[in-house]
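The values are calculated or read from the model by the stated rules, or taken from the named source; none is laboratory data. Quick caveat, the model's predicted, so the values are computed rather than measured. Every residue, glycine as well, gets a Cβ built from its backbone with ideal geometry; the counts of neighbours run over all protein chains shown.
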Amino acid sequence: MTTVLPGSMSSPVNLRISVLQLLVVLLLPQAVVVFATPSDTQFDRLMTSLNTAPFEERQEFASLALSRLAEAYLTEAEQARSDSREERSGTRQRWSSSVEHFVNRLLLLKSDIDMGLGVTFGTSSARDVVIEAGGQSVMLSYPRPREQLAFEQGLLESFCRSRACETLSPSDVPRLPERPVVDVRPGWTFATDRIECRHRGLTLVFAEREYSDRLRQFCSKALREAEVLSSELRKLVQFGMVIEWDALAIRQTANPAEQVVELNSARDSIPLGLPTLLGYPKLLSLLQPWLQAQLEQQAITLSLKAVDFGWSTSSAVPAATTARLRR
C-alpha cells in the first residue's frame, strides 16, 4: 500500500517520499500481517473516530485533506518549474512534471470521494495517517517535513470548527488500524548437497548440508526484502514513476536503521528498510530479472546460488553503503 512522491533527493526541498509510497494495497498470499503500536495524538484520535462517524463526515474530511495536500504539492511543483527555467535544470523540470502527475491523481481520488466513494482511515508503519478509498491509499505527508505538524493542526482546526473535537480522549475511540507489514514465509527444500528456500518463483540455493538458524534468518530477510522492493516498485510504476534499472540503487542513510532506494537517474527515491539487500550488492543485481517480471506481472522461475552473491555459512553480513543493479 503505498504512495510515492517523486524526487526527494533532487528536488528543491527535502520532500518526504512517503506520499508516492502509499497508493495501492497488495496483501500477498504467503504473508503474515504484523502490527505495530499506534501513536496517540488528538489528530490520530480524530482520524480513528471518523471510521465510526457518518459517511458525510468522513467524506468531508477526506476531501479537505486531499485538497490541501494537492495544493501543497502543486506549489512545490510550480516552484521547481520556475527554478528549472532559471537554472536550465532538466532534473527539476522532470521532478515538477512527476509531482503534477501525482497531484492529478490526488484530485481524481478527491473527486471520486466527493461523488460517494467509500473512505476509511488508517496509519502507516511510520505512523502517518492514511486515507483509504477505492483500493487506493494516500499517506497524509506534507512535502516539507518540518511543516507536517502545522499541516495536521490546520486540518484539525478547519474540520473541527463546527464539531466538539476537543472532547476526544484516548479512551473515547478505538485504535487506528495499523498498516500491515509483509512477512514472507519461505518454502524449503532439503537435499543431500544443498538447501533451498523459495518465494514466488525466486529460489536461493545454498551449498549446505545442515539447516542453521543463520541460514533460516538470512532466507527470511532476503526474500522478504525482495518482495517488499518488488511490491513498492510495482505500485510506483502504476502511478507514473519511471524505474531505470541501470540507476536502481539502495543507499544507507545517516540512520543505520534506514535505507533509501534510488529509482532513476533523476534520483527519485523512496525510503525502505532493506538492510540485507544493501549488505549483499550482488544479490540486488542478480534479482533484476525477477523484479522486472514482478513489475510486468509475468511468471518467472529464478534460481540464485548463494556463492554468487557472496553468502557463506561463516561470513558476517558485508558492510556496504550502496547496493546497485548492474547489467
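Observations on the model:
- Qualifying residue in segment 117-136 (condition: part of a helix (DSSP H, G or I) and modelled with pLDDT of 85 or more): no
- Qualifying positions in segment 210-239 - surrounded by fewer than 16 Cβ atoms within 10 Å (Cβ to Cβ) and more than 19 Å from Ser312 (Cβ to Cβ): Val237, Gln238
- Qualifying residue in segment 164-171 (condition: of a type outside the set (Val, Ile, Thr), at pLDDT 85 or above and either under 17 Å from Glu57 (Cβ atoms) or touching a strand residue (DSSP E or B) at 6+ places or on another chain (Cβ under 9 Å) (or both)): no
- Scanning segment 52-68 for residues that are farther than 18 Å from Arg105 by Cβ and among the polar types (S, T, N, Q) yields Thr52, Gln59.
- Residues that are out of contact with any strand residue (DSSP E or B) (no Cβ under 8 Å at 6 or more places or on another chain) and among the small types (Gly, Ala, Ser), drawn from segment 231-271: Gly240, Ala254, Ala257, Ser265, Ala266
- Selection from segment 254-270 of residues that are surrounded by fewer than 22 Cβ atoms within 10 Å (Cβ to Cβ) and at pLDDT below 80: Ala254, Asn255, Pro256, Ala257, Glu258, Arg267
- Selection of segment 108-152 for residues being out of contact with any Ser or Thr (no Cβ under 9 Å at 6 or more places or on another chain), acidic (Asp, Glu) and within 20 Å of Ala53 (Cα to Cα) yields only Asp112.
- Taking segment 200-262 as the region of interest, the strands (runs of 3 or more DSSP E) fully inside it that hold 2 or more residues being farther than 30 Å from Leu108 by Cβ, touching a residue at least 60 places away in the same chain (Cβ under 8 Å) and assigned by TED's automatic domain parsing to the domain that holds Ser303 are 202-206, 249-252.
- Lone unmet requirement of (1) among the charged types (D, E, K, R); (2) at pLDDT below 50; (3) in a helix (DSSP H, G or I) for Arg16: (3)
- Just one of the listed residues (Phe190, Phe206) is at pLDDT 90 or above and surrounded by 13 or more Cβ atoms within 10 Å (Cβ to Cβ), and it is Phe206.
- Inspection of segment 101-112 finds no residue satisfying the criterion of being within 30 Å of Arg45 (Cβ to Cβ) and at pLDDT below 75.
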